[in-house]
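The values are calculated or read from the model by the stated rules, or taken from the named source; none is laboratory data. Note that the structure is predicted; figures quoted are calculated from it, not measured. All Cβ positions, even for glycine, are placed from backbone atoms using ideal geometry, and neighbour counts span all protein chains on display.
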Amino acid sequence: MNMNTIHTNARFNPAALASRPSPGSRLAPPPNIGLELPPCQAEVRPPCQTAIAEPPPQPSTLNPQPGTGPKSGLKKLNFGTMTAKKDEGSKKSYPVFTDADGRAAALAATIIEQQAAFDALDGSMKTNKAELKFMVAPEYFRTNSGKHEVPSSMAVKSSQGEVLVTFQNRYKTLPDESGIIPILGERTEKWFRQAFELKVDGDQIPADTAQELLDQVQALFARYNCAGALEVKSCIKPTSEFHAARHLDLTWQENLQVEEVCPITATVKTKGRGK
């Protein structure tokens, strides 16, 4: 079957399409949109369909798909179905502490006042420090340009004393290299790399197969001469059911005794609680 190729720079005109009456037939050619189409041949072709070409979808820059985006030369690993877990919190109603003498209420009020003052001071300090770093950074890079060993800090004199702006060998991590490539180009691969850490939740491994799995993991890493990449932290912790079941299986006196040995983590929250 011979196929005709159409080359055109014409644009689709919706006004022209709307101004013409409906042809009333699926076999009729599309409205005049600046294209000359060959007549349909019913004996060798299926009926002509009026189709409006749409531009191909543009890849998202927020969630780049594998294989898209600018090429950097960085070798990327595929982590498959491994994803980060997200915690979602919500405001709930809780039992109210019996405060016979009002001391707990007074302490709570003091905490709320101090928390508000701390938040304001902490926010102001972070803003001021970021501003000072922003002011000093250009001179830091300009002064040390062309040097290999450079001082870690620059001093700022004031009437209240000296402040050091220290530039540490520690950097903010990036989700991808798209922001670096326009700056460094081919040098991106020289100075940046993909880093990762794998965390294994031992609570998700069946107890009867845990030792066998650990033995195989160690043997696998040893085979690739990277056994030192494995790091283990072992501890004794309550089971996942203990937190709720302790109030049924233990007396309140026993719970207090356990609290002295294995204290429960408690936080004091003020934000979002209101009055």
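Test each condition in (1) more than 30 Å from residue 231 (Cα to Cα); (2) part of a helix (DSSP H, G or I); (3) under 31 Å from the mean Cα position of the chain (by Cα) for residue 179 and report the one that comes out false.
(2)
I want to confirm something. Restricting to segment 225-249 and keeping residues that are surrounded by 10 or more Cβ atoms within 10 Å (Cβ to Cβ), in contact with a helix residue (DSSP H, G or I) (Cβ under 7 Å, 6 or more places away or on another chain) and not charged (D, E, K, R), which single residue is farthest from residue 200 (Cα to Cα)?
227
Given the options 217, 268, name the one that is surrounded by 10 or more Cβ atoms within 10 Å (Cβ to Cβ) and of a type in the set (Val, Ile, Thr).
217
One line per residue, one yes/no per condition, for (1) closer than 22 Å to residue 171 by Cα; (2) at pLDDT 85 or above; (3) in a helix (DSSP H, G or I):
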site	(1), (2), (3)
185	yes, yes, yes
190	yes, yes, yes
193	yes, yes, no
197	yes, no, no
212	no, yes, yes
216	no, yes, yes
222	no, yes, yes
228	no, yes, yes
235	no, no, no
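Considering each of 109, 105, 117 in turn, give the residue that is touching an Asp or Glu at 6+ places or on another chain (Cβ under 6 Å), at pLDDT 90 or above and of a type outside the set (S, T, N, Q).
From the options 109, 105, 117, the qualifying one is 105.
Using the structure shown, decide if residue 192 is among the aromatic types (Phe, Trp, Tyr), surrounded by 12 or more Cβ atoms within 10 Å (Cβ to Cβ) and more than 24 Å from the chain's Cα centre (by Cα). Explain how you work it out, then say what you get.
Values: among the aromatic types (Phe, Trp, Tyr): yes; surrounded by 12 or more Cβ atoms within 10 Å (Cβ to Cβ): yes; more than 24 Å from the chain's Cα centre (by Cα): no.
No: the conditions fail for residue 192.
Let's see how each residue does on (1) at pLDDT below 80; (2) outside any helix (DSSP H, G or I); (3) acidic (Asp, Glu); (4) out of contact with any Lys or Arg (no Cβ under 9 Å at 6 or more places or on another chain):
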residue: 62; (1), (2), (3), (4): yes, yes, no, yes
residue: 74; (1), (2), (3), (4): yes, yes, no, no
residue: 78; (1), (2), (3), (4): yes, yes, no, yes
residue: 92; (1), (2), (3), (4): yes, yes, no, yes
residue: 95; (1), (2), (3), (4): no, yes, no, yes
residue: 125; (1), (2), (3), (4): no, no, no, yes
residue: 130; (1), (2), (3), (4): no, no, no, yes
residue: 137; (1), (2), (3), (4): no, no, no, yes
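Collect the residues in segment 238-263 that are in a loop (DSSP other than H, G, I, E, B) and without any contact (Cβ under 8 Å) to a residue 12 or more places away in the chain, keeping them in residue-number order.
239, 241, 250, 251, 263
Can you spot a residue in segment 157-170 that is of a type in the set (Gly, Ala, Ser), outside any helix (DSSP H, G or I), touching a Leu at 6+ places or on another chain (Cβ under 9 Å) and modelled with pLDDT of 90 or more?
Going residue by residue through segment 157-170, those that are of a type in the set (Gly, Ala, Ser) are 158-159, 161.
Right, trim to outside any helix (DSSP H, G or I) and you get 158-159, 161.
Among the residues that remain, those that are also touching a Leu at 6+ places or on another chain (Cβ under 9 Å) are: none.
No, every residue in segment 157-170 fails to be of a type in the set (Gly, Ala, Ser), outside any helix (DSSP H, G or I), touching a Leu at 6+ places or on another chain (Cβ under 9 Å) and modelled with pLDDT of 90 or more.
Only one residue in 144, 128 is within 30 Å of residue 167 (Cβ to Cβ) and more than 33 Å from the chain's Cα centre (by Cα), so which one is that?
144
Among the residues that make up segment 107-121, is at least one of them under 30 Å from residue 268 (Cα atoms), among the polar types (S, T, N, Q) and without any contact (Cβ under 8 Å) to a residue 12 or more places away in the chain? Talk me through it step by step, then tell me what you get.
Taking segment 107-121 and keeping what is under 30 Å from residue 268 (Cα atoms), we get 107-121.
Imposing the further condition that a residue be among the polar types (S, T, N, Q) reduces the set to 110, 114-115.
Keeping just the survivors that are without any contact (Cβ under 8 Å) to a residue 12 or more places away in the chain gives 110, 114.
The answer is yes, given that some residue of segment 107-121 is under 30 Å from residue 268 (Cα atoms), among the polar types (S, T, N, Q) and without any contact (Cβ under 8 Å) to a residue 12 or more places away in the chain.
Can you give me the number of residues within segment 199-210 that are not in a helix (DSSP H, G or I) and not charged (D, E, K, R)?
Here the count works out to 5.
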